[in-house]
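What follows is a single structure, written as structure tokens, with notes after it.
The values are calculated or read from the model by the stated rules, or taken from the named source; none is laboratory data. Keep in mind that this is a model prediction, so the values were computed, not measured. Neighbour counts are summed over all protein chains in view; Cβ atoms, including those assigned to glycine, are modelled from backbone coordinates with ideal geometry. The area values use the complete protein model at the heavy-atom level, side chains included, leaving out ligands, DNA and RNA. Shrake-Rupley method; radii C 1.70, N 1.55, O 1.52, S 1.80 Å.
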Amino acid sequence: ADVRPVKKRILAGAVLVGAVATALLGVGGRGAWLWALVAFGVVNVAVNAGNVVYDSLLPHLAPPAKLDRASSAGSALGYLGGG
């Protein structure tokens with residue numbers, strides 16, 4: 001993602017894959033633990049890939065002197081939104 005200007009595309013792909021895999025978690029019926037395990041694994045990989053690319057976008061959004069403030073504000077708003 002750092003070599004070519006494709007960070008937003010990779011992030012969008014990770015979000016799409018994660019959303020589809022999350023939706024597929026509800027498709028399996030009772031006792032479909034293998035289905036749920038595979039879907040959860042895909043979700044986990046997509047979330048972690050998205051976080052890596054998301055973190056690499058921060059220097060493009062704020063000047064170097066304000067990176068700490070932008071990062072902490074984003075984390076605080078994320079926790080507030082999650083609550």
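Among the residues of the stretch 61-71, are any part of a helix (DSSP H, G or I), within 20 Å of VAL15 (Cα to Cα) and open to solvent by 80 Å² or more (accessible area, probe 1.4 Å)? Yes, the conditions are met somewhere in the stretch 61-71. Does TYR54 fit the bill of being in contact (Cβ under 8 Å) with a residue 24 or more places away in the chain, open to solvent by 50 Å² or more (accessible area, probe 1.4 Å), part of a helix (DSSP H, G or I) and of a type outside the set (Val, Ile, Thr)? For TYR54, the condition - in contact (Cβ under 8 Å) with a residue 24 or more places away in the chain, open to solvent by 50 Å² or more (accessible area, probe 1.4 Å), part of a helix (DSSP H, G or I) and of a type outside the set (Val, Ile, Thr) - is met. Scanning the stretch 27-36 for any residue that is surrounded by 10 or more Cβ atoms within 10 Å (Cβ to Cβ) and among the charged types (D, E, K, R) turns up nothing.
For beta carbons closer than 9 Å, sequence separation of 6+ or different chains, a first residue in the stretch 67-81 that is closer than 13 Å to TYR54 by Cβ and a second that is surrounded by 12 or more Cβ atoms within 10 Å (Cβ to Cβ), the qualifying pairs are ALA70/LEU58; ALA70/ALA62; SER71/LEU58; SER71/ALA62; GLY74/LEU58. Answer yes or no as to whether VAL45 is modelled with pLDDT of 90 or more, within 30 Å of GLY26 (Cα to Cα) and open to solvent by 80 Å² or more (accessible area, probe 1.4 Å). So VAL45 passes the test.
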